[in-house]
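Notes follow once the structure below has been shown.
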Amino acid sequence: MNNKYIRKKILLLAPDSFDLYKLIVENLKHLEYDVVHIQDRGYPFSYGSFGQRVLNVIRKLIFRDKSYKGKLQHKLNRERQLDGIETHERFEFCLVLRADFFDKDIIKCIRQKTDLMLSFHFDGIGRDPVILDYISYFDQFYVFDEKDVNKFPDYHFIYSPNFYFDFPFRFDSLLDSERYNIYYVSTFHESRVEYLILIYKFLKTRFKSVKFIVVYNKHKFKSIPDDVKENMELTTRAISFQEQLRYVSSADLIVDLVLSEHNGYSFRILEGMRFAKKVITTNTSVRNADFYHPNNYFVIDSLTDLELMGFDEFLKKPYSPPNSDILKKYSFTNWLNTKLSINETYINDK
(Lines give C-alpha, C1' and ligand atoms only; values in the text may rest on other atoms or scores of the structure.)
Protein backbone atom coordinates (compact mmCIF):
# COMPACT_ATOMS: atom_id res chain seq x y z
CA MET A 1 0.00 0.00 0.00
CA ASN A 2 1.20 3.56 -0.75
CA ASN A 3 3.14 4.88 2.26
CA LYS A 4 1.25 8.14 1.99
CA TYR A 5 -1.79 6.45 3.47
CA ILE A 6 -0.18 4.17 6.04
CA ARG A 7 -1.23 4.58 9.68
CA LYS A 8 -3.74 7.34 9.16
CA LYS A 9 -5.89 7.65 12.24
CA ILE A 10 -9.57 7.24 11.49
CA LEU A 11 -12.67 7.24 13.64
CA LEU A 12 -15.27 4.56 13.03
CA LEU A 13 -18.77 4.85 14.48
CA ALA A 14 -20.73 1.65 13.94
CA PRO A 15 -23.47 -0.15 15.86
CA ASP A 16 -22.60 -3.30 17.76
CA SER A 17 -25.32 -5.30 15.93
CA PHE A 18 -24.01 -8.81 15.21
CA ASP A 19 -20.45 -7.52 15.83
CA LEU A 20 -20.25 -6.37 12.23
CA TYR A 21 -17.96 -3.54 13.32
CA LYS A 22 -15.28 -6.02 14.38
CA LEU A 23 -14.83 -7.17 10.79
CA ILE A 24 -14.78 -3.57 9.55
CA VAL A 25 -12.08 -2.75 12.09
CA GLU A 26 -10.09 -5.81 11.04
CA ASN A 27 -10.34 -4.89 7.37
CA LEU A 28 -9.27 -1.31 8.12
CA LYS A 29 -6.29 -2.53 10.13
CA HIS A 30 -5.40 -4.86 7.25
CA LEU A 31 -5.26 -1.71 5.12
CA GLU A 32 -2.88 -0.26 7.73
CA TYR A 33 -5.20 2.33 9.24
CA ASP A 34 -5.05 3.23 12.92
CA VAL A 35 -8.68 2.71 13.95
CA VAL A 36 -10.57 4.24 16.86
CA HIS A 37 -13.99 2.62 17.19
CA ILE A 38 -17.02 4.04 18.97
CA GLN A 39 -20.09 1.84 19.30
CA ASP A 40 -23.69 2.81 19.91
CA ARG A 41 -24.16 0.61 22.99
CA GLY A 42 -22.72 -2.53 24.50
CA TYR A 43 -20.35 -0.85 26.93
CA PRO A 44 -20.16 -2.71 30.28
CA PHE A 45 -22.80 -1.32 32.64
CA SER A 46 -22.62 -0.85 36.38
CA TYR A 47 -24.62 1.30 38.75
CA GLY A 48 -22.84 4.47 39.83
CA SER A 49 -23.93 4.01 43.41
CA PHE A 50 -25.92 1.73 45.70
CA GLY A 51 -28.60 4.42 45.72
CA GLN A 52 -29.10 4.10 41.96
CA ARG A 53 -29.59 0.37 42.32
CA VAL A 54 -32.19 0.85 45.09
CA LEU A 55 -33.97 3.59 43.15
CA ASN A 56 -34.23 1.33 40.10
CA VAL A 57 -35.90 -1.39 42.22
CA ILE A 58 -38.32 1.12 43.74
CA ARG A 59 -39.26 2.55 40.34
CA LYS A 60 -39.94 -0.92 38.92
CA LEU A 61 -41.86 -2.38 41.86
CA ILE A 62 -43.84 0.63 43.06
CA PHE A 63 -44.20 2.92 40.04
CA ARG A 64 -44.04 0.22 37.33
CA ASP A 65 -41.33 2.32 35.66
CA LYS A 66 -38.82 0.12 33.84
CA SER A 67 -37.08 2.97 32.03
CA TYR A 68 -34.71 4.17 34.77
CA LYS A 69 -31.96 1.61 34.21
CA GLY A 70 -32.15 2.21 30.46
CA LYS A 71 -31.64 5.94 31.00
CA LEU A 72 -28.59 5.21 33.17
CA GLN A 73 -27.21 2.90 30.48
CA HIS A 74 -27.75 5.56 27.82
CA LYS A 75 -25.97 8.16 29.95
CA LEU A 76 -23.06 5.78 30.54
CA ASN A 77 -22.83 5.00 26.80
CA ARG A 78 -22.63 8.72 26.01
CA GLU A 79 -19.87 9.21 28.57
CA ARG A 80 -17.87 6.30 27.12
CA GLN A 81 -18.41 7.57 23.58
CA LEU A 82 -17.25 11.08 24.45
CA ASP A 83 -14.26 9.75 26.39
CA GLY A 84 -13.21 7.71 23.36
CA ILE A 85 -13.53 10.69 21.04
CA GLU A 86 -11.97 13.36 23.25
CA THR A 87 -8.89 11.22 23.94
CA HIS A 88 -7.75 12.00 20.40
CA GLU A 89 -6.98 15.48 19.12
CA ARG A 90 -7.67 14.87 15.44
CA PHE A 91 -8.76 12.24 12.92
CA GLU A 92 -7.88 12.12 9.23
CA PHE A 93 -11.45 11.12 8.50
CA CYS A 94 -14.51 9.70 10.17
CA LEU A 95 -16.69 6.88 8.85
CA VAL A 96 -20.14 6.49 10.38
CA LEU A 97 -22.41 3.51 9.74
CA ARG A 98 -26.03 4.05 10.73
CA ALA A 99 -25.62 7.58 12.07
CA ASP A 100 -29.17 7.44 13.46
CA PHE A 101 -27.94 4.99 16.10
CA PHE A 102 -25.97 7.84 17.70
CA ASP A 103 -27.06 11.08 19.37
CA LYS A 104 -26.67 14.12 17.16
CA ASP A 105 -24.48 15.91 19.68
CA ILE A 106 -22.00 13.02 19.42
CA ILE A 107 -21.90 13.51 15.65
CA LYS A 108 -21.54 17.27 16.16
CA CYS A 109 -18.60 16.71 18.52
CA ILE A 110 -16.83 14.55 15.92
CA ARG A 111 -17.42 17.16 13.23
CA GLN A 112 -15.00 19.43 15.12
CA LYS A 113 -12.23 16.82 15.03
CA THR A 114 -12.03 15.90 11.36
CA ASP A 115 -12.13 17.52 7.93
CA LEU A 116 -13.91 14.63 6.24
CA MET A 117 -17.12 13.05 7.54
CA LEU A 118 -18.50 10.06 5.64
CA SER A 119 -21.79 8.32 6.34
CA PHE A 120 -23.02 4.99 5.01
CA HIS A 121 -26.64 4.06 5.63
CA PHE A 122 -27.17 0.34 5.01
CA ASP A 123 -30.92 0.49 5.47
CA GLY A 124 -33.85 2.04 3.65
CA ILE A 125 -34.17 5.75 4.47
CA GLY A 126 -37.94 5.37 4.72
CA ARG A 127 -37.69 2.83 7.54
CA ASP A 128 -36.74 5.61 9.96
CA PRO A 129 -36.71 9.11 8.41
CA VAL A 130 -35.06 10.57 11.54
CA ILE A 131 -31.79 9.99 9.68
CA LEU A 132 -32.68 12.99 7.48
CA ASP A 133 -31.88 15.26 10.44
CA TYR A 134 -28.26 14.05 10.43
CA ILE A 135 -27.31 14.68 6.83
CA SER A 136 -26.04 18.24 7.22
CA TYR A 137 -23.17 17.04 9.44
CA PHE A 138 -21.58 14.98 6.66
CA ASP A 139 -19.46 15.81 3.65
CA GLN A 140 -20.62 12.70 1.81
CA PHE A 141 -23.74 10.69 2.65
CA TYR A 142 -24.04 7.27 1.00
CA VAL A 143 -27.13 5.06 0.78
CA PHE A 144 -27.12 1.40 -0.21
CA ASP A 145 -30.57 1.49 -1.82
CA GLU A 146 -30.34 3.31 -5.15
CA LYS A 147 -34.05 4.15 -5.07
CA ASP A 148 -33.48 6.44 -2.08
CA VAL A 149 -31.42 8.78 -4.25
CA ASN A 150 -34.51 9.52 -6.35
CA LYS A 151 -36.99 9.38 -3.46
CA PHE A 152 -35.17 12.13 -1.56
CA PRO A 153 -33.65 14.37 -4.26
CA ASP A 154 -33.26 17.39 -1.96
CA TYR A 155 -30.73 15.54 0.22
CA HIS A 156 -28.20 14.74 -2.52
CA PHE A 157 -27.57 11.16 -1.43
CA ILE A 158 -24.81 9.23 -3.16
CA TYR A 159 -25.54 5.64 -4.12
CA SER A 160 -23.06 3.09 -2.84
CA PRO A 161 -23.81 -0.64 -2.78
CA ASN A 162 -22.65 -2.80 0.07
CA PHE A 163 -19.32 -4.64 0.07
CA TYR A 164 -17.69 -7.90 1.02
CA PHE A 165 -14.72 -8.14 3.36
CA ASP A 166 -11.44 -8.81 1.59
CA PHE A 167 -8.97 -9.20 4.43
CA PRO A 168 -7.55 -12.74 4.88
CA PHE A 169 -10.09 -14.75 6.86
CA ARG A 170 -8.93 -17.09 9.57
CA PHE A 171 -11.82 -19.37 10.44
CA ASP A 172 -11.61 -22.22 12.91
CA SER A 173 -12.06 -25.49 11.06
CA LEU A 174 -15.56 -26.93 11.10
CA LEU A 175 -16.24 -30.47 12.21
CA ASP A 176 -18.22 -32.60 9.76
CA SER A 177 -21.16 -32.41 12.17
CA GLU A 178 -21.04 -28.59 11.94
CA ARG A 179 -21.20 -28.39 8.16
CA TYR A 180 -24.52 -27.56 6.50
CA ASN A 181 -25.59 -27.56 2.88
CA ILE A 182 -27.57 -24.42 3.71
CA TYR A 183 -26.87 -22.11 6.65
CA TYR A 184 -29.03 -19.03 7.06
CA VAL A 185 -29.40 -16.50 9.87
CA SER A 186 -31.90 -13.65 9.97
CA THR A 187 -33.68 -11.45 12.44
CA PHE A 188 -37.41 -12.11 12.62
CA HIS A 189 -39.33 -9.71 10.41
CA GLU A 190 -42.96 -10.02 9.34
CA SER A 191 -42.29 -8.84 5.79
CA ARG A 192 -40.22 -11.91 4.93
CA VAL A 193 -41.68 -14.61 7.16
CA GLU A 194 -43.77 -16.19 4.36
CA TYR A 195 -40.72 -16.44 2.13
CA LEU A 196 -38.74 -17.77 5.07
CA ILE A 197 -41.14 -20.67 5.60
CA LEU A 198 -41.64 -21.51 1.92
CA ILE A 199 -37.97 -21.44 1.02
CA TYR A 200 -37.00 -23.46 4.08
CA LYS A 201 -39.52 -26.18 3.21
CA PHE A 202 -38.43 -26.17 -0.41
CA LEU A 203 -34.73 -26.43 0.38
CA LYS A 204 -35.38 -29.27 2.83
CA THR A 205 -36.63 -31.32 -0.12
CA ARG A 206 -33.39 -30.67 -2.03
CA PHE A 207 -30.65 -30.74 0.61
CA LYS A 208 -29.79 -33.12 3.41
CA SER A 209 -28.66 -30.54 5.94
CA VAL A 210 -30.50 -27.21 6.18
CA LYS A 211 -30.09 -24.91 9.16
CA PHE A 212 -32.18 -21.75 9.50
CA ILE A 213 -31.62 -19.62 12.61
CA VAL A 214 -34.09 -16.87 13.49
CA VAL A 215 -32.98 -14.21 15.94
CA TYR A 216 -35.94 -12.62 17.67
CA ASN A 217 -36.86 -10.12 20.35
CA LYS A 218 -38.40 -11.96 23.27
CA HIS A 219 -41.39 -9.61 23.18
CA LYS A 220 -42.24 -10.82 19.67
CA PHE A 221 -42.25 -14.55 20.42
CA LYS A 222 -46.05 -14.84 20.25
CA SER A 223 -46.11 -13.36 16.74
CA ILE A 224 -43.71 -15.97 15.34
CA PRO A 225 -45.62 -18.58 13.27
CA ASP A 226 -45.67 -22.20 14.45
CA ASP A 227 -43.93 -23.31 11.24
CA VAL A 228 -40.91 -21.24 12.25
CA LYS A 229 -40.98 -22.39 15.87
CA GLU A 230 -41.24 -26.07 14.91
CA ASN A 231 -38.71 -26.21 12.07
CA MET A 232 -36.08 -23.56 12.71
CA GLU A 233 -33.73 -22.69 15.52
CA LEU A 234 -34.95 -19.70 17.53
CA THR A 235 -32.59 -17.62 19.60
CA THR A 236 -32.45 -14.24 21.31
CA ARG A 237 -28.65 -14.30 21.03
CA ALA A 238 -27.16 -12.21 18.25
CA ILE A 239 -25.07 -14.51 16.04
CA SER A 240 -21.84 -12.64 15.32
CA PHE A 241 -21.06 -11.79 11.72
CA GLN A 242 -17.78 -13.66 12.03
CA GLU A 243 -19.59 -16.81 13.12
CA GLN A 244 -22.12 -16.47 10.30
CA LEU A 245 -19.36 -16.18 7.70
CA ARG A 246 -17.62 -19.23 9.13
CA TYR A 247 -20.63 -21.38 8.25
CA VAL A 248 -21.75 -19.52 5.11
CA SER A 249 -18.30 -19.89 3.55
CA SER A 250 -18.54 -23.69 3.81
CA ALA A 251 -22.19 -24.03 2.72
CA ASP A 252 -23.28 -25.13 -0.76
CA LEU A 253 -25.70 -22.26 -1.31
CA ILE A 254 -26.27 -18.81 0.19
CA VAL A 255 -29.80 -17.64 1.04
CA ASP A 256 -30.81 -13.97 0.94
CA LEU A 257 -34.29 -12.71 1.87
CA VAL A 258 -34.74 -8.98 1.30
CA LEU A 259 -36.83 -6.76 3.59
CA SER A 260 -39.87 -5.14 1.99
CA GLU A 261 -38.68 -1.61 2.86
CA HIS A 262 -35.58 -1.58 0.66
CA ASN A 263 -33.83 -3.17 -2.32
CA GLY A 264 -30.18 -2.63 -1.43
CA TYR A 265 -27.79 -5.54 -1.87
CA SER A 266 -27.23 -7.38 1.38
CA PHE A 267 -23.85 -8.67 2.52
CA ARG A 268 -25.01 -12.19 1.58
CA ILE A 269 -25.53 -11.12 -2.04
CA LEU A 270 -21.93 -9.94 -2.32
CA GLU A 271 -20.48 -12.79 -0.28
CA GLY A 272 -21.64 -14.97 -3.14
CA MET A 273 -18.79 -13.39 -5.12
CA ARG A 274 -16.35 -13.45 -2.22
CA PHE A 275 -16.77 -17.17 -1.61
CA ALA A 276 -17.75 -18.17 -5.18
CA LYS A 277 -21.14 -19.48 -4.02
CA LYS A 278 -24.49 -19.57 -5.74
CA VAL A 279 -27.19 -17.42 -4.12
CA ILE A 280 -30.96 -17.84 -3.91
CA THR A 281 -32.55 -14.43 -3.31
CA THR A 282 -35.85 -12.57 -3.19
CA ASN A 283 -34.10 -9.32 -4.19
CA THR A 284 -35.26 -8.88 -7.78
CA SER A 285 -33.04 -5.82 -8.32
CA VAL A 286 -30.06 -8.20 -8.47
CA ARG A 287 -30.93 -8.84 -12.11
CA ASN A 288 -29.89 -5.24 -12.87
CA ALA A 289 -26.49 -5.54 -11.20
CA ASP A 290 -23.27 -5.62 -13.20
CA PHE A 291 -22.21 -8.74 -11.28
CA TYR A 292 -25.41 -10.66 -12.07
CA HIS A 293 -25.16 -13.98 -13.89
CA PRO A 294 -28.13 -16.40 -14.12
CA ASN A 295 -25.82 -19.29 -13.18
CA ASN A 296 -24.97 -17.59 -9.89
CA TYR A 297 -28.20 -15.95 -8.68
CA PHE A 298 -31.59 -17.64 -8.54
CA VAL A 299 -34.13 -14.83 -8.16
CA ILE A 300 -37.59 -15.45 -6.68
CA ASP A 301 -40.03 -12.85 -7.99
CA SER A 302 -43.06 -13.39 -5.78
CA LEU A 303 -44.87 -15.70 -3.41
CA THR A 304 -46.76 -17.13 -6.39
CA ASP A 305 -43.42 -18.60 -7.48
CA LEU A 306 -44.11 -21.56 -5.21
CA GLU A 307 -42.68 -24.28 -7.41
CA LEU A 308 -39.40 -22.39 -7.92
CA MET A 309 -39.34 -23.60 -11.50
CA GLY A 310 -35.85 -24.02 -12.90
CA PHE A 311 -34.12 -24.32 -9.53
CA ASP A 312 -32.84 -27.86 -10.11
CA GLU A 313 -31.39 -26.79 -13.47
CA PHE A 314 -29.86 -23.74 -11.76
CA LEU A 315 -28.02 -25.97 -9.29
CA LYS A 316 -26.59 -28.13 -12.07
CA LYS A 317 -25.07 -25.21 -13.96
CA PRO A 318 -21.46 -24.35 -13.08
CA TYR A 319 -20.71 -21.21 -11.08
CA SER A 320 -19.58 -18.42 -13.42
CA PRO A 321 -16.86 -16.30 -11.76
CA PRO A 322 -17.14 -12.54 -12.34
CA ASN A 323 -14.22 -10.86 -14.05
CA SER A 324 -11.47 -9.43 -11.87
CA ASP A 325 -12.62 -5.81 -12.26
CA ILE A 326 -16.11 -6.63 -11.00
CA LEU A 327 -14.72 -8.68 -8.14
CA LYS A 328 -12.44 -5.84 -7.05
CA LYS A 329 -15.21 -3.28 -7.40
CA TYR A 330 -17.27 -4.77 -4.54
CA SER A 331 -14.40 -5.39 -2.12
CA PHE A 332 -14.21 -3.35 1.07
CA THR A 333 -10.85 -2.00 -0.07
CA ASN A 334 -12.31 -0.50 -3.23
CA TRP A 335 -15.49 0.56 -1.39
CA LEU A 336 -13.41 2.70 0.95
CA ASN A 337 -10.83 3.90 -1.56
CA THR A 338 -13.43 5.29 -3.93
CA LYS A 339 -14.86 7.38 -1.10
CA LEU A 340 -11.40 8.70 -0.26
CA SER A 341 -10.44 9.17 -3.93
CA ILE A 342 -7.58 6.70 -3.61
CA ASN A 343 -6.86 5.09 -6.96
CA GLU A 344 -5.85 1.67 -5.70
CA THR A 345 -7.85 -1.56 -5.64
CA TYR A 346 -6.92 -5.10 -4.85
CA ILE A 347 -8.18 -8.30 -3.31
CA ASN A 348 -6.15 -10.46 -0.99
CA ASP A 349 -7.33 -14.07 -0.88
CA LYS A 350 -4.30 -15.49 0.87
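The values are calculated or read from the model by the stated rules, or taken from the named source; none is laboratory data. Here the structure is a predicted model, which means the values were calculated and not measured. Don't worry about glycine lacking a Cβ; one is built from the backbone with ideal geometry, like all the others, and counts go over all protein chains shown. Remember, those area values only see protein heavy atoms, side chains included, never the ligands or the DNA or RNA. Shrake-Rupley method; radii C 1.70, N 1.55, O 1.52, S 1.80 Å.
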Within a Gaussian network of the chain (alpha carbon springs, distance under 10 Å), most fluctuating of His293, His189, His88:
His88
Over 20 Å between Cα atoms: which of Lys147/Lys277; Lys211/Lys317; Lys8/Lys29; Lys75/Lys108 fall into that group?
Lys147/Lys277; Lys211/Lys317
Between Thr284 and Ile224, how many nm apart are label points set 7 Å from Cα along the C-beta direction?
3.0
With R₀ set to 35 angstrom, the calculated FRET efficiency between the beta-carbons of Asp172 and Glu32, to the nearest 0.05, is 0.85
I'd like to compare 226-232, 125-131, 138-144: which one has the highest average count of other Cβ atoms within 10 Å, and what's the full order after that?
138-144, 125-131, 226-232
Using a probe of 1.4 angstrom, how much of the accessible area of the chain is carbon and sulfur, in percent?
48
How would Leu175, Leu82 rank on accessible area, largest to smallest, probe 1.4 Å?
Leu175, Leu82
Placing +1 on each Lys and Arg Cβ and -1 on each Asp and Glu Cβ in region 72-230, then taking the dipole about the Cα centre, the residue among Pro161, Thr187, Leu76 whose Cα reaches farthest towards the positive end is Thr187
Sequence-distant aspartates and glutamates (8 or more away, or on other chains) whose Cα lies within less than 17 Å of Lys113
Asp34, Asp83, Glu86, Glu89, Glu92, Asp103, Asp105, Asp139
State in Å² the accessible area per residue of the chain; use a 1.4 Å probe, count heavy atoms of protein chains only, and round to the nearest integer.
51
If amide hydrogens are placed 1.01 Å from N in the peptide plane, which non-local residues have theirs closer than 5 Å to the one on Tyr265?
Asn162
